[in-house]
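Peer 1: Here you go, one structure.
The values are calculated or read from the model by the stated rules, or taken from the named source; none is laboratory data. As the structure is a prediction and not an experimental result, all values here were calculated from the model. Quick reminder, even Gly has a Cβ in these numbers, built from the backbone with ideal geometry, and neighbours come from all protein chains shown.
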Amino acid sequence: MPTRRRAFAVLVLLGVAALASLAWALAAGSLALSLAAVWQALLGQGDGLAQEVVRGLRLPRALAAFACGGLLALAGALMQVLLRNPLADPYVLGISGGAAVGALAAMLLGVGMSLGIEAMAFAGALGAMLLVFGLAHGDGSWSQARLLLTGVIVAAGCGAAVALMLSLAPEHKLRGMLFWLMGDASHAPAPWSALWLLLGGLVTALFFARELNLLARGAPVAATLGVNVARLRGVLYFLASLLTATAVTHIGSVGFVGLIVPHLVRLALGNDQRLLLPAAALAGGILLTLADTLARTVIAPQQLPVGVLTALIGVPVFLFLLARAPRMERA
Amino acid sequence: MTAPLLSAKGLAVSIAGKPVVHGLDLVLRPGDCLAILGRNGAGKTTLLHTLAGLRAPEAGTLTLDGASYAEQGPRRAARARGLLLQHQGDAFPASVLETVLIGRHPHLSRFAWEDEADGRIAREALAAVDLAELAQREVHTLSGGERQRVALAALLAQQPKLYLLDEPLAHLDLNHQLAMLDLFARLAQDRGVAVAMVLHDPNLALRFCNRALLLHGDGTHALGDSAEQLDAARLSKLYGHPLRMLQDGARRWFIPE
């Protein structure tokens, strides 16, 4: 029997874990700080250099990683319900492909400065989203197979465009382009818009959470139990797309978070969207914060693209959970 | 006479240009139990979905509990009528109890969680379909017949006044077929609900349903008391296979030649 009390307890635990991951992200690095020093720096006291590092460099980056991890995990969970496919992820409908085309075009044309790249990435993501929606929704029906196929084909087209741009790009731009493609938080812009969008997206998703539980069991079931299926699917599609576009714009196409985090949470907590959605958002934030902190410390002063680390952490954890004996019962 | 739960006037339904019924006048009152019979592809499911408000009829009017589907909206309609779907798909894992609790959705406000009363209703529904001890099992570990009974339990937990059942006996063993039909017949008699179900066995239709609707597959239909509609000649024509009637006192059976 799903209860509010259990959901609350789980979310409090995850909230504590989120704070711990952020604290580690603020303390770790070439200038190692104690938790007390981090706290002092956050309050604007103590060592000037520590204040500069914590508040100027590490906090925005850690928050950007947290917000984008949450956005991707939430978007992935929503896409899995929309497509009724546990293998769906935020990128399956071509949104990251569109963003990549926009961002790489900006880099190639030398639009320069991260703002131009972000604007182009966001425009590319929205372009791909509207293209897929327009093509798949053309006849007014909402077939999941049609939506999925259209998204996959548009993503493939974007992949070809990306490969073309990479092959045309001059040597000195290639490294930046590759890092963007793998996901990289080191050039992330201010995290506030992403954090607000995460909060807004989560509240919107929770507004429809019980209806999403029904939609996950199929559109006819949802319709017989009083859900306005067409409206709900439209909301889901645009919400998941917006969340994904924002995340990709901030840190590039970080893989695995959007696919694996909803799965991990589902394996551990069940598929009740009222708990799964906020838990996935928190767990996604935690995973990406940890991965980004590792990415900039593990072979410092060299930095790794965070997308590589999310895969390196996520894959073994996921395989371990999957290999556990399938549970016949759940309390 | 009591007010009708479902009332269709001049209803026309077709699927992909092929007529299912036209000019159907159907009234279901509390206590009614209607059997819908016809060959594969005659449009039984399409008609049932139309009666459930999931697809619009081509012509005619349809009211549920005195109001059209458009007037009452999907949520109120979900408290008045329940539909058993022919296929139960589980894309994601869930326990049996969770699956039955989805029937409570139309009774709960947007941010409410199922409370003890909902849990009790769900457990009673599981007990009614003889699955009380499987409440904590994962649905994808169930057999086909058990999964079908979980779907019936979810429908019972929904507590509608009108039950629309698409092949409620699919995958069920003989004793559970009779138990389920008996359950719905008692609901109709004692609780004043109405039932319309797609059946493939004219003997069970005759035994448990007071009315019968025969769909001939060409847009024509026959509707009336089951005792009068279900005879060897009509059923032979309906299925395109000769049937013979056996009689023992007041009871009648049809067996294929």
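Peer 1: Among the residues of segment B:91-107, what is the count of those that are at the interface with chain A (Cβ under 7 Å from one of its Cβ atoms) and either modelled with pLDDT of 95 or more or outside any strand (DSSP E or B) (or both)?
Peer 2: So the count comes out to 9.
Conditions tested, residue by residue: (1) at pLDDT below 95; (2) under 23 Å from B:PRO74 (Cα atoms).
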| residue | (1), (2) |
| --- | --- |
| B:THR2 | yes, no |
| B:VAL13 | no, yes |
| B:HIS22 | yes, no |
| B:LEU28 | no, yes |
| B:LEU37 | no, no |
| B:LYS44 | no, yes |
| B:LEU47 | no, yes |
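Peer 1: Go through the residues of segment A:315-325 one by one and say whether even a single one is without any contact (Cβ under 8 Å) to a residue 40 or more places away in the chain, farther than 15 Å from A:ALA73 by Cα and either within 14 Å of another protein chain (Cβ to nearest Cβ) or among the acidic types (Asp, Glu) (or both).
Peer 2: Yes, that holds for at least one residue.
Peer 1: Continuing with the same structure: Which residues, taken from segment B:56-98, are of a type in the set (S, T, N, Q) and under 19 Å from A:ARG217 (Cβ atoms)? Working first, answer last.
Peer 2: The first filter runs over segment B:56-98 and keeps only residues of a type in the set (S, T, N, Q), leaving B:61, B:63, B:68, B:72, B:86, B:88, B:95.
Answer for segment B:56-98, where residues must be of a type in the set (S, T, N, Q) and under 19 Å from A:ARG217 (Cβ atoms): B:GLN86, B:GLN88, B:SER95.
Peer 1: State the number of residues belonging to segment A:267-284 that are of a type outside the set (Asp, Glu), within 14 Å of chain B (Cβ to nearest Cβ) and crowded, with 21+ Cβ neighbours inside 10 Å.
Peer 2: Number of matching residues: 7.
Peer 1: Of the numbered conditions (1) within 14 Å of chain A (Cβ to nearest Cβ); (2) surrounded by 21 or more Cβ atoms within 10 Å (Cβ to Cβ); (3) basic (Lys, Arg), B:ARG149 satisfies every one except a single condition; which is it?
Peer 2: Result: B:ARG149 fails condition (1) only.
Peer 1: Find the residue count for segment A:162-192, including only residues that are part of a loop (DSSP other than H, G, I, E, B) and within 14 Å of A:ALA106 (Cα to Cα).
Peer 2: 2
Peer 1: Now, a different point. Answer with yes or no whether A:ALA240 is in a helix (DSSP H, G or I), in contact with a Leu (Cβ under 7 Å, 6 or more places away or on another chain) and in contact (Cβ under 8 Å) with a residue 40 or more places away in the chain.
Peer 2: yes
Peer 1: Then there's this: All but one of (1) more than 12 Å from chain B (Cβ to nearest Cβ); (2) hydrophobic (A, V, I, L, M, F, W, C); (3) out of contact with any Phe, Trp or Tyr (no Cβ under 9 Å at 6 or more places or on another chain) hold for A:ALA245; which doesn't?
Peer 2: (3)
Peer 1: Shifting gears a bit: Using the structure shown, decide if B:LEU54 is hydrophobic (A, V, I, L, M, F, W, C), part of a loop (DSSP other than H, G, I, E, B) and closer than 22 Å to B:PHE184 by Cβ.
Peer 2: So B:LEU54 passes the test.
Peer 1: Inspect all residues belonging to segment B:117-128 and state whether any of them is of a type in the set (A, V, I, L, M, F, W, C), touching a Leu at 6+ places or on another chain (Cβ under 7 Å), within 20 Å of A:ALA230 (Cβ to Cβ) and within 13 Å of another protein chain (Cβ to nearest Cβ).
Peer 2: Within segment B:117-128, none of the residues are of a type in the set (A, V, I, L, M, F, W, C), touching a Leu at 6+ places or on another chain (Cβ under 7 Å), within 20 Å of A:ALA230 (Cβ to Cβ) and within 13 Å of another protein chain (Cβ to nearest Cβ).
Peer 1: Output the residue which, of all residues in segment A:52-104 that are modelled with pLDDT of 85 or more and among the polar types (S, T, N, Q), is farthest from A:GLN40 (Cα to Cα).
Peer 2: Out of the qualifying residues, it is A:GLN80.
Peer 1: While we're here: Based on what the data block shows, is A:SER193 away from chain B (no Cβ under 14 Å), at negative phi and either crowded, with 22+ Cβ neighbours inside 10 Å or in contact with a Cys (Cβ under 8 Å, 6 or more places away or on another chain) (or both)? Break it down stepwise before answering.
Peer 2: Working: away from chain B (no Cβ under 14 Å): yes; at negative phi: yes; either crowded, with 22+ Cβ neighbours inside 10 Å or in contact with a Cys (Cβ under 8 Å, 6 or more places away or on another chain) (or both): no.
Judged against the criteria, A:SER193 is not a match.
Peer 1: Of the residues A:PHE179, A:PHE238, only one is closer than 22 Å to A:GLN80 by Cα and either surrounded by fewer than 16 Cβ atoms within 10 Å (Cβ to Cβ) or not β-branched (Val, Ile, Thr) (or both); which?
Peer 2: The unique qualifying residue is A:PHE238.
Peer 1: So which of B:ALA127, B:ALA117, B:ALA122 ends up being touching a residue at least 24 places away in the same chain (Cβ under 8 Å) and either surrounded by 18 or more Cβ atoms within 10 Å (Cβ to Cβ) or not hydroxyl-bearing (Ser, Thr, Tyr) (or both)?
Peer 2: B:ALA122
Peer 1: Then there is this: Right, A:ALA77: within 14 Å of chain B (Cβ to nearest Cβ), in contact (Cβ under 8 Å) with a residue 40 or more places away in the chain and in contact with a Leu (Cβ under 7 Å, 6 or more places away or on another chain) or not? Let's see the steps before the verdict.
Peer 2: Details: within 14 Å of chain B (Cβ to nearest Cβ): yes; in contact (Cβ under 8 Å) with a residue 40 or more places away in the chain: yes; in contact with a Leu (Cβ under 7 Å, 6 or more places away or on another chain): yes.
Criteria met by A:ALA77.
So that you can scan it fast, the table gives a plain yes or no per residue for (1) under 25 Å from A:LEU130 (Cα atoms); (2) in contact with a His (Cβ under 8 Å, 6 or more places away or on another chain); (3) assigned to a loop (DSSP other than H, G, I, E, B):
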{"residue": "A:GLY200", "(1), (2), (3)": "yes, no, no"}
{"residue": "A:ARG217", "(1), (2), (3)": "no, no, yes"}
{"residue": "A:LEU236", "(1), (2), (3)": "yes, no, no"}
{"residue": "A:GLY255", "(1), (2), (3)": "yes, no, yes"}
{"residue": "A:LEU264", "(1), (2), (3)": "no, no, no"}
{"residue": "A:LEU282", "(1), (2), (3)": "no, no, no"}
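Peer 1: Across segment B:46-76, what is the total count of residues that are within 29 Å of B:GLY145 (Cβ to Cβ) and of a type in the set (Gly, Ala, Ser)?
Peer 2: Number of matching residues: 2.
Peer 1: Inside segment B:87-120, can you point out the residues that are in contact with a Lys or Arg (Cβ under 6 Å, 6 or more places away or on another chain) and of a type in the set (Phe, Trp, Tyr)?
Peer 2: Within segment B:87-120, B:TRP113 is the sole residue that qualifies.
Peer 1: Failed condition for B:ALA157, given (1) within 14 Å of chain A (Cβ to nearest Cβ); (2) in a strand (DSSP E or B); (3) not aromatic (Phe, Trp, Tyr), with all others met?
Peer 2: Condition not satisfied by B:ALA157: (2).
Peer 1: Here is a follow-up. If you check every pair at least six apart or on different chains, which have Cβ atoms under 7 Å apart with a residue in segment A:204-225 that is more than 9 Å from chain B (Cβ to nearest Cβ) first and a residue that is small (Gly, Ala, Ser) second?
Peer 2: Qualifying pairs under 7 Å: A:LEU215/A:ALA222.
Peer 1: Sticking with this structure for a sec: So which residues in segment B:66-89 are facing chain A (nearest Cβ under 7 Å) and either β-branched (Val, Ile, Thr) or more than 23 Å from B:PHE184 (Cβ to Cβ) (or both)?
Peer 2: Scanning segment B:66-89 gives B:PRO74, B:ARG75, B:GLY89.
Peer 1: Here is a further query. B:VAL21: closer than 25 Å to B:GLU114 by Cβ and either away from every other protein chain (no Cβ under 14 Å) or touching a strand residue (DSSP E or B) at 6+ places or on another chain (Cβ under 8 Å) (or both), yes or no?
Peer 2: no
Peer 1: A further question on this structure: What's the number of the only condition in (1) of a type outside the set (Asp, Glu); (2) at the interface with chain A (Cβ under 9 Å from one of its Cβ atoms); (3) assigned to a strand (DSSP E or B) that B:LEU62 fails to meet?
Peer 2: Among (1) of a type outside the set (Asp, Glu); (2) at the interface with chain A (Cβ under 9 Å from one of its Cβ atoms); (3) assigned to a strand (DSSP E or B), the lone unmet condition for B:LEU62 is (2).
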